[in-house]
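Accompanying notes for the structure given below.
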């Protein structure tokens, strides 16, 4: 060959070498074969994917990698190639050198010679095992979530919903996931609530990783309000970056309707009783009875909700965690790359289970019924300290004897509301709780070292004109014929309450006292 001919062929040789390098470095398996099915080329990714080296594969029939029950596919594909057709994204199963199976997606194109005659086929194969596994696991999660009776949903970081369970569809009046995906998260709420969500609530979620609020959802068909405890948490990827938001929310419409009914009742009483002292006394007594009943209903509902959270949602999440653990164990030998994600999912399930357990215990601590108010307060104070960093000093005598269950509940709720106010308003780093009793009464004190209550607001609270939480405490104390006192200055606030011990509680102490005297 002359020097001129070699020079003329140089670009062609360079292009051919470049093409061969591209094929050999591709992440996808690239294989070519004749129309008779004889393998003519085999790149490195084909070796990695299927186990055969080029020397072992080239010259062999393509059925080398086709399971016996898939042989008919090859004949169909070759017929289409001979007609000049291209086969795209054909999902099938192929056999590795070690005999194991692999799920792949094939794209097959005819190969033509210089005259345009079809002389073979080129296959590009991609491993889709991980994708199919993830789809299977996702379907398992969807099945489990759809059986849950609480509102479960997820949206992307652009607040575009991509999943809600069947219970959620029913709550808001949507027919299908397609309906959900056609709206934004904001569309689930009333227009007047959206500013709070966009400017306060969701920024807090992104900052803290989780949070909850009571807010109205909107029924898409009727427009009716649906009051929910809207619990939202951030879903992170394996690198810890946020990829979605999830919600596990609870319908509290019935409770809100009861509260609204009480408020309406109070308003009617105030209007009707104006100027009629006798009527005022009668209606006030009625209101106190309603208020006492509401507190009883509220406590009963808290106990019920706590039980439902612990027994239903808690057990479901425990089952989910166990299921994920089993999947992770099965995945270790065959798909180890999935194990970190499965273990992270286990962690999320355990975290959510712990949060539900904490919420359940805060609604109604089991220790209150099992061991009395002293043990319940120690548990609650320890939890508040862990969650908020508030330093709580408990001053409860070791010999403090167990009280009547109803009185114990009043004391616990009183202290719970006081600590809530300390955390929300006082900016104090320390709170002191004192509990004492004599033969006839129990004294409760909660003191902080915060900024105190402004004089005007304290006057309004004392005149019963402000302070919903304080009003609730007054009602509980009044129901037990007790007394509550609020003292505040720039150095802090102290709330004191004295509650008579009911006769039945005094009587129930006698056996314990007799046993103690007898050394039992």
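Let's see how each residue does on (1) within 17 Å of residue 159 (Cβ to Cβ); (2) loosely packed, with under 14 Cβ neighbours inside 10 Å:
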| site | (1), (2) |
| --- | --- |
| 200 | yes, yes |
| 219 | no, no |
| 224 | no, yes |
| 227 | no, no |
| 230 | yes, no |
| 234 | yes, no |
| 239 | no, yes |
| 243 | yes, yes |
| 248 | no, no |
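Restricting attention to segment 159-172, the residues being buried (at least 21 other Cβ atoms within 10 Å of the Cβ) and under 18 Å from residue 245 (Cα atoms) number 4.
For segment 423-456, what are the residues that are exposed (fewer than 15 other Cβ atoms within 10 Å of the Cβ) and assigned to a helix (DSSP H, G or I)? Of everything in segment 423-456, those that are exposed (fewer than 15 other Cβ atoms within 10 Å of the Cβ) and assigned to a helix (DSSP H, G or I) turn out to be 424, 455, 456.
Going through 156, 113 one at a time, which residue ends up being over 30 Å from residue 189 (Cα atoms), surrounded by fewer than 17 Cβ atoms within 10 Å (Cβ to Cβ) and either in contact with a strand residue (DSSP E or B) (Cβ under 7 Å, 6 or more places away or on another chain) or outside the structural domain of residue 337 (by TED's automatic domain parsing) (or both)?
That would be 113, the only listed residue that is over 30 Å from residue 189 (Cα atoms), surrounded by fewer than 17 Cβ atoms within 10 Å (Cβ to Cβ) and either in contact with a strand residue (DSSP E or B) (Cβ under 7 Å, 6 or more places away or on another chain) or outside the structural domain of residue 337 (by TED's automatic domain parsing) (or both).
Only residues that are over 17 Å from residue 405 (Cβ atoms) and modelled with pLDDT of 80 or more were counted in segment 349-383, giving 4.
Of all residue pairs spaced 6 or more apart or on separate chains, none has beta-carbon atoms under 6 Å together with a first member in segment 440-469 that is farther than 19 Å from residue 482 by Cβ and not assigned by TED's automatic domain parsing to the domain that holds residue 421 and a second member that is modelled with pLDDT of 85 or more and in a helix (DSSP H, G or I). Applying a threshold of 6 Å to beta carbon distances and a minimum spacing of six or more residues, or different chains, the list of pairs starting in segment 101-121 at a residue that is touching a residue at least 24 places away in the same chain (Cβ under 8 Å) and on the phi < 0 side of the Ramachandran plot and ending at one that is crowded, with 16+ Cβ neighbours inside 10 Å and in a loop (DSSP other than H, G, I, E, B) reads 103/128. Screening residue 149 on (1) touching a residue at least 60 places away in the same chain (Cβ under 8 Å); (2) touching a strand residue (DSSP E or B) at 6+ places or on another chain (Cβ under 9 Å) shows it passes everything except condition (2).
Applying the set (1) closer than 28 Å to residue 69 by Cα; (2) outside any strand (DSSP E or B) to residue 124 leaves exactly one unmet item: (2).
Quick grid of which residues meet (1) modelled with pLDDT of 90 or more; (2) more than 20 Å from residue 112 (Cβ to Cβ); (3) in contact with a strand residue (DSSP E or B) (Cβ under 6 Å, 6 or more places away or on another chain); (4) surrounded by 13 or more Cβ atoms within 10 Å (Cβ to Cβ):
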residue	(1), (2), (3), (4)
1	no, yes, no, no
6	no, yes, no, no
10	no, yes, no, no
14	no, yes, no, no
23	no, no, yes, yes
51	yes, yes, no, yes
56	yes, yes, no, yes
64	yes, yes, no, yes
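Looking only at segment 394-404, decide whether some residue is under 36 Å from the mean Cα position of the chain (by Cα) and either part of a strand (DSSP E or B) or under 21 Å from residue 476 (Cβ atoms) (or both). Yes; the residues of segment 394-404 include at least one that is under 36 Å from the mean Cα position of the chain (by Cα) and either part of a strand (DSSP E or B) or under 21 Å from residue 476 (Cβ atoms) (or both).
Of the candidates 195, 200, 212, the single residue that is assigned to a strand (DSSP E or B), assigned by TED's automatic domain parsing to the domain that holds residue 156 and more than 21 Å from residue 162 (Cβ to Cβ) is 212.
The values are calculated or read from the model by the stated rules, or taken from the named source; none is laboratory data. Everything numeric in this text was worked out from a predicted model, so none of it was measured. Cβ coordinates were reconstructed from backbone atoms using ideal geometry, including for glycine residues, and neighbour counts include every protein chain displayed.
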